[in-house]
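No value in this document is a laboratory result; all are computed from the given coordinates. From a predicted model like this one, the values you see are computed outputs, not experimental measurements. Here the Cβ positions follow ideal geometry from the backbone for every residue, glycine too, while neighbour counts run over all protein chains shown.
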Amino acid sequence: MTQFRISPSILSADFARLGEEARNVVVAGADWIHFDVMDNHYVPNLTIGPLVCEAIRPHVDVPIDVHLMVRPVDRIVPDFAKAGANIISFHPEGSDHIDRTLSLIRDHGCKAGLVFNPATSLSYLDYVMDKVDLVLIMSVNPGFGGQSFIPEALVKLREARKRINKYKERTGREIHLEVDGSVKVENIAEIAAAGADTFVAGSAIFGAPDHKAVIDKMRAALAHIEH
Ligand code: DX5
Ligand code: ZN
């Protein structure tokens with residue numbers, strides 16, 4: 001059976017009560033916590049950094065899934081590893097040396113993810129699959145929560161799923177396929193059918209008073225999907 005993971009994005013949480021919000025969403029059934037880092041340079045918004053990651057770490061025992069929307073990337077990687085991040089993903093456009101950044105993340109004991117904007121080609125994966133633990137497909141342009149789903153992401157997810165399955169047949173190694181942007185109860189089954197196994201959801205989960213009800217509905221929608 002395919003194992004699915006739900007990674008609520010705390011970008012849509014109440015920043016004045018972040019520890020409590022993170023704890024609550026884990027109790028509600030979150031598998032990971034998605035942590036959006038924006039630098040007002042690579043993306044036109046400014047959010048949270050390693051100090052906040054470190055502050056949240058003792059509140060949750062699930063993996064912290066750090067999504068770096070920053071340029072440059074390398075300087076900040078060790079800080080996030082020290083702050084308790086488990087997965088660190090970055091955009092190829094944010095790094096001058098993608099292969100080196102992937103190694104840097106893994107050398108610091110974290111899983112490494114590569115993130116693809118709506119117009120970014122999957123060809124960045126061609127020569128680095130051995131160093132990638134997670135592929136993250138953006139279904140919105142990065143920078144803000146609460147945007148609309150870009151349907152072309154489904155095409156890219158199918159292509160990424162093919163690459164990952166082929167790689168697994170050859171090596172036996174598992175690579176996660178995550179999707180980020182406007183994932184909701186209504187579209188999660190279609191997104192999973194296109195190949196995603198890990199789902200970031202910000203506004204859909206934190207925008208509803210009952211986080212557990214939303215996560216339960218998402219899991220119910222995923223129940224019959226196999227890759
Ligand atoms: C967007 C962020 C997302 C965002 C998703 O740049 O990377 O993680 O929080 O929010 P929703 O689920 O509201 O689209
Ligand atoms: Zn994100």
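Most simply put, segment 5-222 has about 5% antiparallel DSSP beta bridges, counting only bridges with both residues inside it. As a proxy for reagent exposure, Glu21, Glu178, Glu226, Glu159 were ordered by neighbouring Cβ count within 10 angstrom, fewest first; the result is Glu226, Glu159, Glu21, Glu178. When the chain is treated as a Gaussian network with alpha carbon springs shorter than 10 Å, the biggest mean-square fluctuation among Phe116, Phe90, Phe144 belongs to Phe144. Here the Gaussian network model covers the chain, with springs between Cα atoms less than 10 Å apart; of Ala192, Ala112, Ala208, Ala208 fluctuates the most. Using a cut-off of 19 Å between Cα atoms, the listed pairs Lys131/Lys168; Lys82/Lys111; Lys156/Lys212 include Lys156/Lys212 as exceeding that distance. Note: relative contact order over the chain, using C-alpha pairs below 8 Å and six or more positions apart, is 21 percent. Projected label points at Asp61 and Arg158, each 7 Å from Cα along the beta carbon direction, are separated by 4.2 nanometres.
Calculated mean residue ellipticity at 222 nm for the chain: -9500 deg cm²/dmol, from DSSP H runs with n ≥ 4 weighted as -39500 (n - 2.57), summed, divided by the residue count and rounded to 500.
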